[in-house]
Amino acid sequence: MFVLVIIFDLEGVLIDNSKRYKYAIKKADPKARDIDELSPRARKIFWNNFFNPDLARKLDKVNLKALKIFNDYVNKGKKVIILSGTRKEIVETLIQKLKEEAKKHNYQFKPFLVIWRNKKDLRKAPEFKLSKIREIESLIGEEIEIVYDDNSETIEKLRKNNINAVLWE
């Protein structure tokens, strides 16, 4: 049997983190609506709030549609990998939320691998994710069937490198 690898982004695909994002923006600058509107000082405040695992636990929600698709791939015997551009503390918190929600729905939540960004890795998401996907291909020796991500720049970068990627909206 030929098994292909499926890759899901965590925040923005499996998890809706929009409330945490908005909260962190408002804490950094009550007038701002987006990170691009923040001063360098305000950005530090934003990131301190955004990378708070307690806020992720309280504000983030599981995306049931994505979790069902994840479940369907696992049931088909696919190797499903979570590739996140965020930090370990957030990933661990969100994985726990996914496990709990999957249990409620009798879904199979069995990621083959969970990959997160090292705190010192400051590459932009497209470069980080392409690099990790190439490592996955090399280590596992299997083709990537599809990548689900919510970042259009990441999708563009992956497609330019002949990786089937779908923009999650």
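Just a few scattered comments:
Matching residues to (1) within 18 Å of ILE6 (Cα to Cα); (2) surrounded by 16 or more Cβ atoms within 10 Å (Cβ to Cβ); (3) assigned by TED's automatic domain parsing to the domain that holds PHE50; (4) at pLDDT below 95:
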position	(1), (2), (3), (4)
LYS97	no, yes, no, no
LYS103	no, no, no, no
PRO111	yes, yes, no, no
ILE133	yes, yes, no, no
GLY141	yes, no, no, yes
ILE155	yes, yes, no, no
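- Residue among LYS76, LYS31, LYS44 that is of a type in the set (D, E, K, R) and in the same structural domain as ASP9 (by TED's automatic domain parsing): LYS76
- Within region 1-43, the residues that satisfy the criterion of being out of contact with any strand residue (DSSP E or B) (no Cβ under 8 Å at 6 or more places or on another chain), within 25 Å of LYS79 (Cβ to Cβ) and not acidic (Asp, Glu) are MET1, PHE2.
- Test result for TRP47, of a type in the set (Phe, Trp, Tyr) and modelled with pLDDT of 95 or more: no
- Beta carbons closer than 8 Å, at least 6 apart along the sequence or on distinct chains, pair a first residue in region 58-74 that is within 14 Å of ASP149 (Cα to Cα) with a second that is among the small types (Gly, Ala, Ser) for LEU67/ALA102.
- Output for region 82-110, where each listed residue is over 9 Å from LEU10 (Cβ atoms) and among the aliphatic types (A, V, I, L, M): ALA102
- Filter pass, GLU135 being in contact (Cβ under 8 Å) with a residue 24 or more places away in the chain and charged (D, E, K, R): no
- Matching residues in region 123-150 - criterion: being in contact with a strand residue (DSSP E or B) (Cβ under 8 Å, 6 or more places away or on another chain) and either among the aromatic types (Phe, Trp, Tyr) or part of a loop (DSSP other than H, G, I, E, B) (or both): GLU142, GLU143, TYR148, ASP150
The values are calculated or read from the model by the stated rules, or taken from the named source; none is laboratory data. Quick caveat, the model's predicted, so the values are computed rather than measured. Please note: Cβ atoms are built from the backbone with ideal geometry, for glycine as well, and neighbour counts cover all protein chains shown.
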